[in-house]
Amino acid sequence: MKKALITGITGQDGSYLAELLLSKGYEVHGIIRRASTFNTGRIDHLYQDPHVNGVRLFLHYGDIADSTNLIKLLYRIQPDEIYHLAAQSHVRVSFDIPEYTGDVTGLGTVRILEAIRETGLKAKFYQASSSEMYGKVQEIPQRETTPFYPRSPYAAAKVYAYWMTVNYRESYGMFACNGILFNHESPRRGETFVTRKITRAVAHIKAGLQKKLYLGNLDAKRDWGYAKEYVEAIWLMMQQPEPDDYVIATGETHSVREFLEEAFSYAGLDWREYVEIDPKYFRPSEVDLLVGDASKAREKLGWQPRTTFKELVRLMVDADMELLRGAQLREF
Ligand code: NDP
Ligand code: GDR
């Protein structure tokens, strides 16, 4: 039985990846942070009492800022594959806490890479790299060879982590790969990212629980895909004979305004009646346009997206309406 370790298992991608790996027969270990409130809502349905025979999901307290803890966990677990998803992942927030973001999102990757080296593990390593690294437009569509031009503390930290992953591959012969994933969304997306903020507002407005939705820049364009499909690409990268870096994207781009139009009209509402602009959501420097070329992933991994933009918006609106009626995240 293969053993995987997931950092960031309580996040959107971590929860879908844990489901995928369990369905493939893996023993899955996840690092969770101690918090004063429950932070395991996305994975509670996967958790079973570890004293019961046959359990294959194990959770460990830890933090990507704590090297000793990481080294201990690697010694104890001896994973075959390490999926490093943990990060301070909010771009706008990274302008408020740039130092912390650099520590967790940038140095966090080095801590794990060093822990692998220190323990002498032969584990494969996945780094959650991001289309944000492309930042200011250098080339359209963006592909593996497009130069990076990060426009936020978050993106700068991810560029550092990207290159450290490449560096450990080249210096120490590690199986270390970067997935350069473009925005991917789902009903499990954090509520402060723009897509989920919109679909949640649509459900609340429709139910008479909210009157206005305050947003920032509506002109930004993103290449939005479905998270559940993107974790399949992550797994495929780790099954290749050689480590490499891959862009994962749909190849289509839409503005925040188009997302609004699609989500509100699906619920029979006109977004112009509800949306107000609050400059506090503007970023000091913005990423105007992202659209990815995932040809390499299609050719080498046999991966391609299946869910269209319209289907994604609709499934998220439907889910937020269901959640208001008492559905659980595990259902999505
Ligand atoms: P989320 O923000 O949903 O999840 C982040 C995860 O990291 C959570 O489990 C969080 O724990 C954990 N985490 C944060 N800080 C620490 C820390 N100091 N120590 C340990 N764990 C920590 O992100 P996503 O699931 O959306 O994204 C996963 C990864 O992929 C991230 O690295 C993100 O930057 C990257 N990425 C995401 C894209 C997207 O569109 N979703 C696109 C490209 C890259 P807790 O639940 O306790 O907060
Ligand atoms: P992004 O996602 O910054 O692309 O990073 P986000 O949904 O936060 O923003 C997308 C675009 O929407 C504009 N926007 C707003 N954004 C938020 N959050 N809230 C608002 O009210 C709002 N109004 C307009 C933003 O300015 C931006 O242009 C996500 C994260 O998951 C990263 O971790 C990941 O690396 C990238 O996607 C790829």
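Every number in this text was worked out from the coordinates using simple rules, so none of it is lab data. The model shown is predicted, which means the values in this text are computed figures rather than measured ones. Heads up, the Cβs are rebuilt from the backbone with ideal geometry, glycines too, and the neighbour counts pull from every protein chain shown.
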Here the stretch 130-146 yields Karplus 3J(HN,Hα) values (6.51, -1.76, 1.60; θ = phi - 60°; whole Hz; Gly and Pro given as x) of 9, 4, 4, 4, 6, x, 5, 4, 10, 6, 10, x, 7, 10, 4, 8, 5
Taking max minus min of the Cα coordinates of the stretch 99-151 on each principal axis, largest first, gives extents in Å of 41, 27, 12
What number, in percent, do you get for the relative contact order of the stretch 103-238 if the mean sequence gap of Cα pairs under 8 Å and at least 6 apart is divided by its residue count? 26
All-pairs alpha carbon distance profile, the chain, 10 Å steps from 0, percent: 6, 26, 35, 25, 8, 1
Using only the alpha-carbon atoms of the stretch 110-202, report the extent along each of the three principal axes, biggest first, to the nearest angstrom. 50, 31, 21
Which whole-number value in Å³ per residue fits the convex hull of the alpha carbons of the stretch 1-129? 115
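When 1/r is averaged over all different Cα pairs and the result inverted, which Kirkwood radius in Å belongs to the stretch 122-266?
On the way: mean 1/r = 0.0592 Å⁻¹.
Evaluated on the stretch 122-266, it is 16.9 Å.
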Range of Cα positions in the stretch 218-332 per principal axis (Å), largest first: 53, 38, 22
Can you give the relative contact order of the chain as a percent, counting alpha carbon pairs under 8 Å and 6+ residues apart? 18
When the Kirkwood radius is taken over all Cα pairs of the stretch 287-332, what Stokes-Einstein diffusion coefficient follows at 37 °C and 0.692 mPa s, in µm²/s? 247
If you place +1 on the Cβ of every Lys and Arg and -1 on the Cβ of every Asp and Glu, how big does the dipole about the Cα centre of the chain come out, in debye to the nearest 20? 500
Under Stokes-Einstein, the stretch 174-241 at 4 °C and 1.567 mPa s, with its Kirkwood radius over C-alpha pairs, diffuses with a coefficient in µm²/s of 90
For Lys280, counting only aspartates and glutamates whose alpha-carbon sits under 19 Å away and dropping same-chain residues fewer than eight positions off, the answer is Asp96, Glu191, Asp219, Asp288
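Show me the trypsin sites (Lys or Arg not before Pro) within the stretch 77-124 that DSSP assigns to loop and that have at most 16 other Cβ atoms within 10 Å of their Cβ. Spell out each step's value before the answer.
Numbers: sites: Arg92, Arg111, Arg117, Lys122, Lys124; in loops: Lys122.
Answer by residue number: Lys122.
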Taking 0.36 nm per residue of separation and subtracting the Cα-Cα distance, what length does fully extending Glu170 through Val93 add? 24.4 nm
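How far, in nm, would the chain grow between Leu22 and Gln138 when pulled straight, counting 0.36 nm per residue and subtracting the alpha carbon separation?
Values: separation 116, 0.36 × 116 = 41.76 nm, distance 3.95 nm.
Using 0.36 nm per residue and subtracting the Cα-Cα distance, I get 37.8 nm.
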Out of all DSSP beta bridges with both ends in the chain, state the antiparallel percent to the nearest 5. 5
Do you know the relative contact order of the stretch 1-154, to the nearest whole percent, from alpha carbon pairs under 8 angstrom that are 6+ apart? 23
Tell me which GluC sites (Glu not before Pro) from the stretch 137-197 have a DSSP coil assignment and no more than 10 other beta carbons within 10 Å of their own. Glu191
Relative pair counts by distance (%), Cα atoms of the stretch 1-50, 10 Å bins: 25, 60, 13, 1
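Checking the table Lys211/Lys310; Lys124/Lys300; Lys2/Lys72; Lys24/Lys296; Lys122/Lys296 against a 22 Å threshold on Cα-Cα, which pairs fail?
As for pairs spanning more than 22 Å Cα to Cα, those are Lys211/Lys310; Lys24/Lys296; Lys122/Lys296.
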